[in-house]
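The values are calculated or read from the model by the stated rules, or taken from the named source; none is laboratory data. Values in this document were obtained by computation on a predicted structure and should not be read as measured data. Cβ sites come from the backbone with ideal geometry, for glycine too, and all protein chains shown count toward neighbours. Side chains are part of the model used for accessible areas, which takes the heavy atoms of the whole protein and leaves out ligands, DNA and RNA. Shrake-Rupley method; radii C 1.70, N 1.55, O 1.52, S 1.80 Å.
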Amino acid sequence: MTMRFCRRALALAIALVAMPACASEELPRPEPDTIIFAMMSGKCRTFKVGGRDLPCRAVAFSQTEEGRANFTIAINDPKDDSHIITFSGDNGRRPAANVYELPIDRMLLKSKDRPKVDGLPVPSIALAAGLCRQVGNFVTLELSSISCTAVDQNGKNYELQYQSDGTPMAVRRIKRMRVGSPAVSPYDDMK
């Protein structure tokens with residue numbers, strides 16, 4: 001009787017230890033924290049989605065603690081104040097002191113019709129291929145231009161040509177301890 005009890009106790013202990021591991025794989029992974037956010041002042045010379053011109057009202061850059069970077073464009077849409085399109089990618093690089101390039105692997109599409117979490121629309125994600133290139137002196141916060149092009153999995157083209165008005169960028173950097181090698185950021189030389 002004691003041996004039977006020990007086997008059942010061991011089986012129950014294994015089940016209890018294994019359940020959180022199985023459950024954690026089923027739960028969605030939380031989004032990593034943003035470590036840097038930069039607002040740019042200027043004008044979109046071109047912003048096209050699927051060949052259609054869209055007016056933009058703001059452009060921002062953000063990067064997460066895991067290195068995913070985003071160029072986000074808020075669209076001036078009187079029918080939808082949640083209309084936002086983001087060029088998103090990993091493995092940004094700085095081929096020159098005043099150039100940052102971000103390979104794009106997905107487009108994030110938000111609108112008022114998307115499901116909401118905490119009152120904010122959750123983006124639909126379209127796999128894509130493309131590149132964003134930001135030119136300017138990042139240490140002095142003087143941005144010159146941003147150009148992005150991407151094609152999503154359905155063949156839809158996205159194009160951004162943004163020109164700064166000369167106003168320094170507004171940058172908010174959040175210092176965090178991070179495990180592993182740090183991601184390349186256009187703002188690495190900032191203090």
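Worth a mention:
- Each eigenvalue of the Cα gyration tensor of the stretch 56-107, multiplied by 5 and square-rooted, gives one semi-axis; in descending order these are 25, 12, 8 Å.
- Computed extension length for residue 96-residue 57: 11.1 nm, one decimal, from 0.36 nm per residue of separation with the Cα-Cα distance subtracted.
- Looking at the stretch 32-115, the GluC sites (Glu not before Pro) that sit in a DSSP loop and have at most 14 other Cβ atoms within 10 Å of their own Cβ are 66.
- In the stretch 34-140, the alpha-carbon atoms span a convex hull of 127 Å³ per residue.
- At an R0 of 22 angstrom, the distance between the Cβ atoms of residue 45 and residue 172 translates into a FRET efficiency of 0.25.
- Taking a ≥ b ≥ c as the square roots of the eigenvalues of the alpha-carbon gyration tensor, the stretch 103-153 is classed oblate because a/c is 1.5 or more while a/b is no larger than b/c.
- Computed with a 1.4 Å probe on the full set of protein chains, the accessible area for residue 160 sits at about 0 Å².
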